[in-house]
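**Student:** Pasting a structure below so you can have a look.
Read-outs throughout are calculated quantities, based only on the coordinates presented, and are distinct from any laboratory measurement. This structure is a prediction, so every number in the text was calculated from the model and none was measured. Counting neighbours? That spans all protein chains shown, and the Cβs are built from the backbone with ideal geometry, glycine included.
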Amino acid sequence: MTAEVQEEYRRRYGSPAGDASPIGAEEFVAPHGLFLVAYVAGTAVGMGGWRRGGPAGDADAEIKRMYVRPAFRGRGYSRRLLAELELTAGRAGVTRLVLETGLEQPEAITLYRSAGYDDVEPFGYYAGYPDSVHLGKSLVVVPAPQR
């Protein structure tokens with residue numbers, strides 16, 4: 001799915017690189033982050049992750065690679081993935097999630113704003129891009145359930 005989301009970025013933004021921001025799989029390994037894949041009847045339908053870091057340092061975590069395959073859009077999978085990312089980040093002690101998206105992804109902007117994300121100061125790789133939208137949401141830190 002990571003190749004699919006890169007193709008989507010290339011198509012929407014006309015960039016041969018897709019999302020060129022630096023990213024490594026190790027950034028999503030606990031306790032530094034988490035990466036989720038959503039499945040329906042054994043089929044991977046969406047994905048998303050968070051990695052520690054942002055304008056406020058390690059108190060922030062950045063959402064990356066939120067994506068739902070086109071055939072599964074409009075069924076609430078993005079919202080469920082986002083809620084799980086918020087829950088797991090809060091349990092990990094993250095106090096705010098931040099993200100960068102672009103004006104060519106209006107449905108993503110609508111999702112995030114409807115989930116309580118507000119404008120934040122531009123940050124990271126795309127801070128100087130005029131078509132970037134930087135959003136954030138404060139989280140309630142919730143201890144993980146006891147076993």
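**Student:** Taking the Cβ of each residue in Arg80, Arg52 as the centre, tally the other Cβ atoms inside 10 Å and list the residues starting with the fewest.
**Tutor:** If I rank by nearby Cβ atoms, fewest first, I get Arg80, Arg52.
**Student:** All other residues with a Cβ under 14 Å from the Cβ of Pro70 taken together, and with Lys, Arg as +1 and Asp, Glu as -1, what is their net charge?
**Tutor:** Here the charged neighbours net out to +1.
**Student:** Also, quick follow-up: Give the peptides 94-105, 129-140 in descending order of average Cβ contacts within 10 Å, highest first.
**Tutor:** Top of the packing list down: 94-105, 129-140.
**Student:** Per residue of the chain, what 222 nm ellipticity follows from adding -39500 (n - 2.57) for every DSSP H run with n ≥ 4, rounded to the nearest 500?
**Tutor:** -7500 deg cm²/dmol
**Student:** Let me ask something additional. Taking the square root of 5 times each eigenvalue of the Cα gyration tensor, what semi-axes in Å does the equivalent ellipsoid of the chain have, largest first?
**Tutor:** Semi-axes, largest first: 22, 19, 15 Å.
**Student:** Sketch the reach of a paramagnetic label on Leu103 as a point 7 Å from Cα along Cα-to-Cβ, and name the residues of region 1-16 whose backbone nitrogen lies under 17 Å away.
**Tutor:** 12-15
**Student:** Something else now. Taking θ = phi - 60°, what integer Hz values does the Karplus form 6.51 cos²θ - 1.76 cosθ + 1.60 yield along region 2-8, in sequence order, with x for Gly and Pro?
**Tutor:** Per-residue couplings from phi come out as 4, 5, 5, 5, 5, 5, 4 Hz.
**Student:** If you take every residue apart from Gly54 with its C-beta less than 15 Å away from the C-beta of Gly54, what net charge results, scoring Lys and Arg +1 and Asp and Glu -1?
**Tutor:** -4
**Student:** Using a Gaussian network for the chain with springs between C-alpha atoms less than 10 Å apart, which of these wobbles most: Ala41, Ala25, Ala92?
**Tutor:** Among Ala41, Ala25, Ala92, the largest mean-square fluctuation in the Gaussian network model of the chain belongs to Ala41.
**Student:** For the chain, what relative contact order do you get, as a whole percent, if you take Cα pairs closer than 8 Å and at least 6 residues apart?
**Tutor:** 19
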